[in-house]
Amino acid sequence: MGASADRRNGFRRWHEARNEHVPPTDVRIVTSDGQSIPAHSTVLASSSSVLERMLDRSRILHILGVPHDSVVAFVRLLYSSRSATSAREAKEAIERHGMALLALSHAYRVRWLKRRSEAGLAAWLSAARAMDVLKLARLCDAPRLHQRCLRLVAEEFAAVQESEGWRFVQKHDPALEMEVLQFLQETAQVCDLLIAMDACLSRNNDPNSYFIRLLGD
């Protein structure tokens, strides 16, 4: 038995172990490397309106652009979304496949998984990955994650500049590079303002003196 068959049977055993009575699968999900994942149309359709529409046309679904293992994790989470173990499984899956799961949950409109993927990526964000996650946050309409990435870039810009993600953006995405630099400039201006306010307040006992002077100008 080949590796592909092992994975298919492994997924089926994983699902059957959770259910006393499991009907046969009626959908085949094909991933970028040509491997397939068996699934149930009722589970997929109830989890995603996008998948539901795709199933109206065919029982062979192509989920491309991410690794096979990430698609397996995505499908498993759709199955376990209503179970007591879903939070733990989602956390473990996002640790391994966070960026792919954000992309998939956005593309297929699985809102609960998108929220968890955003939160997980924000919690485990690093300078080395900040630009890659920032690009994905823009594509996936994830504003909170987008802002978290920008704040980390501003805080650790020296380290971010050493990352492959930053070098890629400099070569291929001038619009994103400009967005980051503008954010850095705005952040620096805010810092300068706060420093000026702190200095003024330290010279004056009246906490409103700075704002009165600012309005007077």
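The values are calculated or read from the model by the stated rules, or taken from the named source; none is laboratory data. Computed from a predicted structure; not experimentally measured. All Cβ positions, glycine included, derive from the backbone under ideal geometry; neighbour counts span all protein chains shown.
Here are a few things to note about the model shown:
- Of everything in segment 35-49 that is touching a residue at least 12 places away in the same chain (Cβ under 8 Å), out of contact with any His (no Cβ under 6 Å at 6 or more places or on another chain) and not in a strand (DSSP E or B), the residue that is surrounded by the fewest Cβ atoms within 10 Å (Cβ to Cβ) is Ser49.
- Only one of Glu118, Glu95 that is among the acidic types (Asp, Glu), under 8 Å from the mean Cα position of the chain (by Cα) and not in a loop (DSSP other than H, G, I, E, B): Glu118
- Every condition in (1) outside the structural domain of Arg96 (by TED's automatic domain parsing); (2) at pLDDT 95 or above is met by His106 except one, and the failing one is (1).
- Checking each residue in segment 101-143 for being under 28 Å from Leu181 (Cβ atoms) and among the hydroxyl-bearing types (Ser, Thr, Tyr) picks out Ser117, Ser126.
- Only one of the numbered conditions (1) part of a loop (DSSP other than H, G, I, E, B); (2) of a type in the set (S, T, N, Q); (3) under 25 Å from Met54 (Cα atoms) is not met by Ser126, and that is (3).
- Test: residue in segment 3-22 that is surrounded by fewer than 19 Cβ atoms within 10 Å (Cβ to Cβ), assigned to a helix (DSSP H, G or I), at pLDDT 95 or above and not small (Gly, Ala, Ser): no
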